[in-house]
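Engineer: A single structure is presented below for examination.
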Amino acid sequence: MATRMLPARHVGRLGKVIAEPKKQLALGELVTCEAARVLDAVKGKAKRKSGGSELEEAFDFQCRTRGLPPYLREHRFAKESLGRAWKFDFCWLQYKIAVELEGLVMRKLYDQQHQLVWAVYGRHATIAGIREDMSKYNAAALLGWTVLRFEQQMVKDDTAIAETMRVLCSRGWIQCPSSIEK
């Protein structure tokens, strides 16, 4: 049984693209009711949360426990220069380094043929979301920012914090641990 990828957008208008190696099907195919139920449950859970996501809280904890220099969360940039109100998840102003945590959500589902599919959803799983991210990251580069992008597993296995520390050290952070190579 082959595993296929299924990005789903919103509960109300659940579309999908099944990505098999070198094959894509069109948007608008029906997904099982189970997919809608899972999406609805996750969407409700996200609304109940206060503050940042679990992923952001985990990265924040890693930053604090490793003694990284002071940083800002949800910092707006490009408002004055470009008239946009984009935010970085984390940033170090003095080093012009920003961290973006790309929070895709994945769930195992079964399609109408009872084959396993992975439902991938969230803002970053849509064409519009990807385009908006591209505009945001290109604007950040134009303004001199270095944007580090990490996904969930990279935060969980400490890859994200290690790479962030290396970049901070390369930019002049003088309290670099000796175990981090420049």
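Engineer: What ranking do Leu116, Leu109 get, fewest neighbouring Cβ atoms within 10 angstrom at the top?
Structural biologist: Leu116, Leu109
Engineer: How would you rank Val155, Val147, going from fewest to most other Cβ atoms within 10 Å of each one's own Cβ?
Structural biologist: Neighbour counts put them in this order, fewest first: Val147, Val155.
Engineer: Round to the nearest 0.05 the FRET efficiency obtained for Tyr137 and Asp157 when R0 = 30 Å and r is the Cβ-Cβ distance.
Structural biologist: FRET efficiency, Tyr137 to Asp157: 0.80.
Engineer: Rank the residues His124, His75, His114 as a footprinting-exposure proxy: fewest other Cβ atoms within 10 Å of their Cβ go first.
Structural biologist: Fewest-to-most Cβ neighbours within 10 Å comes out as His114, His75, His124.
FYI, it's all coordinate maths here, none of it is from the lab. Here the structure is a predicted model, which is why all the values come from computation and not from measurement. Glycine also receives a Cβ, built like all others from the backbone with ideal geometry; neighbour counts cover every protein chain displayed.
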